[in-house]
1. Of L153, L129, L116, which residue is out of contact with any Lys or Arg (no Cβ under 9 Å at 6 or more places or on another chain) and within 19 Å of R33 (Cα to Cα)?
2. May I ask you to list the residues in region 24-56 that are of a type in the set (A, V, I, L, M), touching a residue at least 60 places away in the same chain (Cβ under 8 Å) and in a helix (DSSP H, G or I)?
3. Please work out which residue is farthest from S46 (Cα to Cα), limiting yourself to region 122-137 and to residues that are buried (at least 19 other Cβ atoms within 10 Å of the Cβ) and touching a His at 6+ places or on another chain (Cβ under 9 Å).
4. Looking at the structure I just gave you, is G91 over 23 Å from S46 (Cα atoms) and of a type in the set (G, A, S)?
5. Please verify whether region 140-163 includes one or more residues that are free of Cβ contacts under 8 Å to residues at least 60 places away in the same chain, farther than 22 Å from L16 by Cβ, assigned to a loop (DSSP other than H, G, I, E, B) and not aliphatic (A, V, I, L, M).
6. Just the residues that are within 12 Å of T64 (Cβ to Cβ) and without any contact (Cβ under 8 Å) to a residue 60 or more places away in the chain, please, taken from region 2-14.
7. Which ones in region 61-90 are among the hydroxyl-bearing types (S, T, Y) and closer than 18 Å to F150 by Cα?
8. Sort out which residues of region 88-111 are over 14 Å from L159 (Cβ atoms) and either surrounded by fewer than 12 Cβ atoms within 10 Å (Cβ to Cβ) or of a type in the set (A, V, I, L, M, F, W, C) (or both), and write them in order of number.
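Derivation of every value follows stated rules applied to the coordinates shown; laboratory data play no part. Just so you know, these numbers come straight off a predicted model, no measurement behind them. Every residue, glycine among them, receives a Cβ derived from its backbone with ideal geometry; neighbour counts consider all protein chains shown.
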Amino acid sequence: MRRLLERFSGLQHLLLALGTIWLIFTSPWIGMRRAVPENPSFWDLSHLGLGLLVTLLAFSYLVTQSIGGRWREHWPWLVGRLRPAGRDLAGLFFGRIPPSGGHGLFPMIQGLVFMLLVAASVTGAGWLLADGSRAALAWRDWHIVSANAFGWLLLCHALAGVAHVLELRRD
């Protein structure tokens with residue numbers, strides 16, 4: 001069962017990576033403000049459709065990554081484990097690349113990426129559900145803030161992945 005979940009997790013990760021990269025890079029071309037336009041463009045429709053799909057994937061990936069106590073790896077502060085991340089952060093100043101597993105810095109970054117992905121998903125869905133109302137603009141603002149924060153932390157996550165691969169190649 002665990003092997004099946006790990007295999008499914010890899011597919012979820014790939015689909016989320018592709019979907020979120022598309023959503024981030026094409027977001028400047030969407031024309032939605034308070035409501036979906038009467039004649040939505042390709043960019044509007046693709047953002048809505050893919051955004052809904054990414055929302056479903058985000059929640060399923062969150063569940064997959066939390067099964068079997070793995071949530072402790074991504075959110076170590078919930079169980080009072082901040083020391084490994086602190087050691088990893090201090091090690092960066094001495095040129096040491098943190099390990100990808102355990103309860104350290106890289107898994108904590110991954111956990112924050114999860115949280116911001118879910119926040120961007122929820123606020124995007126809220127914006128869609130509030131379509132045309134005054135609340136839609138507030139949901140839009142929250143969505144933009146959470147999506148931007150997600151994008152920047154996703155970049156940190158990608159850099160951490162590259163650093164990990166480089167570390168493996170060095171060994």
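1. Details: L153 fails: within 19 Å of R33 (Cα to Cα); L116 fails: within 19 Å of R33 (Cα to Cα).
None of the other options fit; the residue is L129.
2. Once the filter is applied, which keeps residues that are of a type in the set (A, V, I, L, M), touching a residue at least 60 places away in the same chain (Cβ under 8 Å) and in a helix (DSSP H, G or I), region 24-56 yields I24, L48, L52, V54.
3. T123
4. Working: over 23 Å from S46 (Cα atoms): yes; of a type in the set (G, A, S): yes.
For G91, the condition - over 23 Å from S46 (Cα atoms) and of a type in the set (G, A, S) - is met.
5. no
6. The initial filter retains those residues of region 2-14 that are within 12 Å of T64 (Cβ to Cβ), namely 2, 4-13.
Correct list: L4, E6, R7, F8, S9, G10, L11, Q12, H13.
7. Hit for region 61-90 is Y61, nothing else.
8. The answer is L89, A90, F93, F94, G95, G101, M108.
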